[in-house]
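What follows draws every value from the coordinates through simple rules; no lab data is involved. A quick note: this is a predicted structure, and the numbers were derived from the prediction, not measured. No Cβ is skipped: glycine too gets one built from the backbone with ideal geometry, and neighbour counts run over all protein chains shown.
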Amino acid sequence: MHVRRDRKKNRKGKTYVSLVHNVWEKGESKEARARPVVFARLGPEDQVDPAIAQAMATALESYIEARWLLELSRNPQANRKDVVEQASREFGPHGGGDTDHDEPGVRDARAAGGGIAGAGSGGDAGGV
C-alpha cells in the first residue's frame, strides 16, 4: 500500500493523491507486471495532510494483511491478488487502478468521510 501522486493533465496541472496497492499479474506477454488497485482518492494534494494519508495507507495495509491471513486459514489455495481486489471493492472508488479523478459516480474519500483537509502539500509520500 502506498500514497500515489497523480498530476492531472490540464491547464492548472493539479496533483491528486490516492491510496494504491500494487498487485502482480501476468499480461498477454506472460511477463509479470504490477497493476495498481486504487483504494481511495483523497483529493488535491494541497488539501491533503501527508501524515494522515500515510496513516491511512498503513491502516489499510494492516487490514489487507489480516484479511489475507484469514483467507489463507479458510483456503490454502487463496490468491493474495483476489483478496486485495475484493477489499478494494469494499473500500475504494471501484478498484480499477485508473487515475481519472473526474469520473462520474466515483466515491472519493471526501464524500465518504467528510474530507482530509490538512496543512497543505508535504513532500512526496513514500511507499509502505
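Observations, loosely collected:
- Restricting segment 1-77 to trypsin sites (Lys or Arg not before Pro) in coil, as DSSP defines it, with at most 12 other Cβ within 10 Å: K9, R11, K12, K30
- Residue exposure proxy: F91, F39, ordered by other Cβ atoms within 10 angstrom of their Cβ from fewest to most, comes out as F91, F39.
- Packing-based exposure ordering (other Cβ within 10 Å, fewest first) of E65, E28: E28, E65
- All lysines inside 22 Å of K9 as judged from Cα atoms, apart from same-chain residues fewer than 8 positions distant: none
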